[in-house]
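What follows is a short report on a single structure.
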There are 2 protein chains.
Amino acid sequence: MTTAPSPTSGFSAFALEPFPEVRPGDDVASAINDVLSRTGTALLDGDVVVVASKVVSIAEKRYVDLADVIPSVEALDLSARTGKPAAVVQLILEHSTEHFLATERGPIIARHHLGHLLTSAGIDRAGDEGAWLLPVDPDASARALRDALVTHTGADIAVVIADSDGRADRRGATCISIGAAGVAPLRLTEHGGKRQEETFTDMIAAAAAIVLGQRGRGVPAAVLRGVGYVPSDVGVAEMLHHAPTTRAATPGKPSPSGV
Amino acid sequence: MTTAPSPTSGFSAFALEPFPEVRPGDDVASAINDVLSRTGTALLDGDVVVVASKVVSIAEKRYVDLADVIPSVEALDLSARTGKPAAVVQLILEHSTEHFLATERGPIIARHHLGHLLTSAGIDRAGDEGAWLLPVDPDASARALRDALVTHTGADIAVVIADSDGRADRRGATCISIGAAGVAPLRLTEHGGKRQEETFTDMIAAAAAIVLGQRGRGVPAAVLRGVGYVPSDVGVAEMLHHAPTTRAATPGKPSPSGV
């Protein structure tokens with residue numbers, strides 16, 4: 001597999017806005033297509049469409065009512081230590097294979113079943129009553145979204161699904177990729193015998209986050225134009241040290257692994 | 001301190017190239033200014049100039065000859081376990097306050113005296129014989145570079161110093177900020193009572209890395225144009241959980257802390 005794209009000397013990024021509110025069951029590709037039509041924006045071959053994982057979760061109805069979650073003894077204990085609601089802790093445990101506390105009081109860093117090491121296993125609070133889980137298979141979501149956008153627009157584009165995450169050494173959330181289609185997740189460059197492998201789709205997600213990550217603006221999608229990349233459908237899972245494990249148990253029930 | 005900048009709907013990024021080879025003692029601001037002159041490029045108010053930490057290290061003569069480094073017993077032991085040269089391990093220990101192995105065989109993740117948690121404490125190999133240390137004080141380097149560029153160009157710009165680093169869950173290097181001037185490192189947005197703090201200069205570094213991070217292209221500097229930000233000189237240190245500690249001991253001698 002070749003992962004050395006043509007060099008990128010420059011690129012541009014722009015928000016797809018105004019973006020409609022996405023509701024459970026909505027089709028994200030149609031929403032994007034509507035924005036493109038309304039704003040007279042054409043996607044071009046080679047564009048990378050970056051979408052916030054939250055809207056994919058909403059479209060995929062990944063909402064969990066916290067009242068339906070029964071915390072285990074371990075969740076109650078971890079809740080007492082971190083101050084995090086027990087039902088949320090239970091969801092974190094159910095959707096991860098291992099976890100640790102960044103400091104004595106948290107946050108809880110957990111290895112999601114998909115293989116990503118994420119703050120709170122990627123569980124996103126929805127007010128006091130609910131939570132959003134990650135998309136079931138973000139690489140598959142990215143492929144479906146890419147296929148639909150290619151059909152809609154006729155442009156040979158790539159899709160990256162971006163999620164926010166923290167770093168152990170600093171305050172604030174950064175942005176990484178949890179799903180990708182049409183773009184190789186790693187970029188490999190070689191020179192004078194030295195070889196460098198980069199988390200390319202993470203850089204794409206972070207660049208898009210400059211536009212996306214502004215709470216309250218309601219912009220869950222952006223386009224990067226002019227980025228050289230190697231087309232590939234291997235997905236972000238390819239760059240993870242941990243392959244995805246068997247899917248999590250039904251929300252609200254303890255997972256089979258007992259964690 | 002206000003950290004909510006005007007929203008960014010779009011931005012562009014471009015490489016400063018061709019860039020001359022930077023040699024120990026060279027002035028990075030002059031090198032950038034030469035590229036701007038030769039290519040007829042003008043910096044504009046609000047531009048963010050992103051520079052790879054490596055060239056700042058080179059300009060600051062942060063080279064260490066590995067033959068001059070005397071490994072401690074701890075470095076020899078860690079070298080045997082990880083397969084990393086003992087002299088490099090010694091440098092890692094001297095420039096960090098704590099460390100752990102990501103897996104049994106490494107890499108060594110270390111808390112640099114500056115407060116950053118970095119693969120190999122940010123030590124960069126220079127062939128078999130040497131290594132590059134991080135800039136002494138990347139925020140100060142960024143401030144000096146910014147001052148010089150503002151003087152040279154008359155444009156009110158910001159500077160970010162970018163370094164590559166890994167993530168525990170995935171293959172490949174990503175790019176983060178280790179120094180900044182003229183731009184607040186964290187971006188704060190609020191909406192409907194929800195507050196989000198983002199590692200903004202890390203996003204800027206990652207976006208620039210799409211252009212920079214291609215080994216062999218010799219492009220250590222890029223410009224981001226159109227990014228809304230809050231001017232500030234607090235530096236990247238402001239977003240770290242760990243404040244910088246007393247500087248490391250002289251290379252080649254065990255550090256006072258005994259690590």
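Tabulated data for the structure shown
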read-out	value
Lysine pairs with alpha-carbon atoms under 24 Å apart, the protein assembly as shown, spacing 8 or more or separate chains	16
Inter-copy label distances at A:R23 (7 Å, Cα→Cβ; nm, one decimal)	6.8
Amide hydrogen neighbours beyond the local backbone of A:D233, cut-off 5 Å, H modeled	A:G182
Cα-based helix-to-principal-axis angle, A:200-212 vs chain A, degrees rounded to 10	90 degrees
Phi to ³J(HN,Hα) by Karplus 6.51 cos²θ - 1.76 cosθ + 1.60 over region B:159-176, Hz, x for Gly, Pro	10, 10, 9, 10, 9, 8, 7, x, 10, 5, 9, 8, 5, x, 8, 10, 9, 10
For the protein assembly as shown, with +1 on Lys and Arg beta carbons and -1 on Asp and Glu, the positive-most of A:S177, B:V236, A:L91 along the dipole	A:L91
Loop GluC sites (Glu not before Pro), region B:82-165 (other Cβ atoms within 10 Å of the site Cβ: 15 or fewer; DSSP)	B:E104, B:E129
Over chain B - Rg/Rh using Cα atoms and the Kirkwood inverse-distance radius	0.98
Linear extension gain, B:D34 paired with B:T151, 0.36 nm per residue minus alpha-carbon span	40.7 nm
Over the protein assembly as shown, volume per residue of the alpha carbon convex hull, in Å³	149 Å³
Label spacing, shortest first and in nm, from A:E104 to its equivalents in the remaining copies (7 angstrom along Cα→Cβ)	3.2
Built amide H within the under 5 Å cut-off of B:G130, gap 5+	B:L66
Nearest-20 debye value, chain B charge dipole, Cβ charges on Lys, Arg, Asp, Glu	500 debye
Across the identical copies, how the A:D34 labels are spaced - nm, sorted shortest first, 7 Å along Cα→Cβ	5.5
Label-to-label distance, nm, for residues given as A:E74 and A:H241 (7 Å Cα→Cβ offset)	2.0 nm
For region A:179-192, Karplus couplings with θ = phi - 60° (6.51, -1.76, 1.60), whole Hz, Gly/Pro x	x, 7, 8, x, 9, 5, x, 9, 10, 10, 10, 9, 7, x
Share of Cα-Cα pairs in region B:1-142 lying beyond 28 Å, as whole percent	36 percent
Set of region B:190-226 residues, backbone N closer than 11 Å to the point 7 Å along the Cα-Cβ line of B:S12	B:225-226
Dipole in debye (nearest 20) - the protein assembly as shown, about Cα centre, beta carbon charges: Lys, Arg +1; Asp, Glu -1	140 debye
Modelled label reach - A:A67, point 7 Å along Cα→Cβ, region A:79-121 residues with backbone N closer than 19 Å	A:85-91
Amide proton proximity set for B:G228, modelled H, under 5 Å, gap of 5+	B:T8
Ascending count of other beta-carbon atoms within 10 Å, so fewest first, for A:R187, A:R225, A:R62, A:R81	A:R81, A:R225, A:R62, A:R187
Normalised contact order of chain B, rounded percent, pairs of Cα under 8 Å and 6 or more residues apart	29 percent
Relative exposure of B:L134, A:L36, judged by other C-beta atoms within 10 Å (fewest first)	A:L36, B:L134
Kirkwood-based shape ratio for region A:63-132, expressed as Rg/Rh from alpha carbons	0.93
Magnitude of the charge dipole, region A:100-187, Cβ model with Lys/Arg +1 and Asp/Glu -1, debye to 20	320 debye
In region B:110-166, the trypsin sites (Lys or Arg not before Pro) that fall in loop regions by DSSP, at most 12 other Cβ within 10 Å	none
Footprinting exposure proxy for A:T153, A:T103, B:T201, A:T41 (fewest neighbouring C-beta atoms within 10 Å first)	A:T103, A:T41, A:T153, B:T201
Under Karplus coefficients 6.51, -1.76 and 1.60, residue-wise ³J(HN,Hα) of region B:33-46 in Hz, glycine/proline x	4, 4, 4, 4, 5, 4, 9, x, 9, 9, 7, 10, 3, x
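Read the figures in this text as sums done on the coordinates, not as results from a lab. Note that the structure is a prediction, hence the values are computed from the model and not measured. Cβ: placed from backbone, ideal geometry, glycine included. Neighbour counts: every protein chain shown.
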